[in-house]
Amino acid sequence: MAALVAAAISLVVSARRIRADRELAAQQHEEARRASTRLRAEALADGRAERWWGMYQWTLARMDAVGPHRAARLLRTLESQAPGPAERALVWAANDLLTVPAEGGDDDA
C-alpha cells in the first residue's frame, strides 16, 4: 500500500514538474520571439537610417549641380523621410546652406 501511495505521489509531482517545464518553455519561446521581432525592427530602422544618410550625403554633394529649386525639393523629401529630429535638423541646416549663398550673392552685387 505504501508503495502505491509513493508511486501516486511521485506521479503527481512528475506531472506538475512536466507542466511547469512546459509553461517555462512556452514563456521562453515567447520571450525569444519578442526579442527576435524587436531585433528585426531595429535592424530595419538602422538600414533605413543608413540609406537616409547616404541620400543626404548624395544630395549635399550635388546641391550646386542640380540648382536651387531641385535641391530644395530633394531636401523637402529628405526631411519627410528623416528618421528622427537630429536628421531633420541636418536637413534644415542644409536648407540654410542652400539659401545663404543666394542671399549673400545679392549682397555682394
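The values are calculated or read from the model by the stated rules, or taken from the named source; none is laboratory data. All values derive from a computational prediction rather than experimental measurement. Counting neighbours? That spans all protein chains shown, and the Cβs are built from the backbone with ideal geometry, glycine included. For the accessible areas, the whole protein counts, side chains as well, though only heavy atoms, and no ligand, DNA or RNA atoms are used. Shrake-Rupley method; radii C 1.70, N 1.55, O 1.52, S 1.80 Å.
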With n ≥ 4 as the cut-off for DSSP H runs, can you work out [θ] at 222 nm for the chain, using -39500 (n - 2.57) per run divided by the number of residues, rounded to the nearest 500?
-34500 deg cm²/dmol
Compute the signed sum of charges (Lys and Arg +1, Asp and Glu -1) over the other residues within less than 15 Å, Cβ to Cβ, of Tyr56.
+2
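What net charge is computed for the residues neighbouring Trp92, neighbours being all others with C-beta under 12 Å from the C-beta of Trp92, Lys and Arg scored +1, Asp and Glu -1?
Numbers: positive: Arg76, Arg88; negative: Glu79, Glu87, Asp96.
Within the 12 Å Cβ shell, the charges total -1.
Summarise the accessible area of the chain (1.4 Å probe, protein heavy atoms) by the percent that is carbon and sulfur. Before the final figure, lay out the partial values.
Values: 5100 of 8660 Å².
Here carbon and sulfur together make up 59 percent of the probe-accessible area.
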Could you work out how far helix 2-66 tilts from the main Cα principal axis of the chain, as a 0 to 90 degree angle to the nearest 10?
10
Helix axis angle, 68-81 relative to the chain longest principal axis, alpha carbon, degrees:
10
Set the Förster distance to 25 Å, then compute FRET efficiency between Glu31 and Leu11 from the Cβ-Cβ distance, nearest 0.05.
0.25
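Give me the dipole magnitude in Debye, nearest 20, for segment 1-68 about the Cα centre, with unit charges on the beta carbon: positive for Lys and Arg, negative for Asp and Glu. Intermediate results must be reported in sequence, preceding the final value.
On the way: 11 positive and 8 negative charges, 55 e Å.
With only Lys, Arg, Asp and Glu charged at Cβ, the dipole is about 260 debye.
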To check my understanding: the extent here is largest minus smallest coordinate of the Cα atoms along each principal axis. What are those three numbers for the chain, in Å, largest first?
111, 19, 15
Set Lys and Arg Cβ to +1 and Asp and Glu Cβ to -1, take the dipole of the chain about its Cα centre, and tell me which of Ala61, Asn95, Ala3 lies farthest positive.
Ala3
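Could you do me a favour and compute the accessible area per residue for the chain, 1.4 Å probe, result in Å²? Before the final figure, lay out the partial values.
Working: 8660 Å² over 109 residues.
Ligands and nucleic acids excluded, the figure is 79 Å² per residue.
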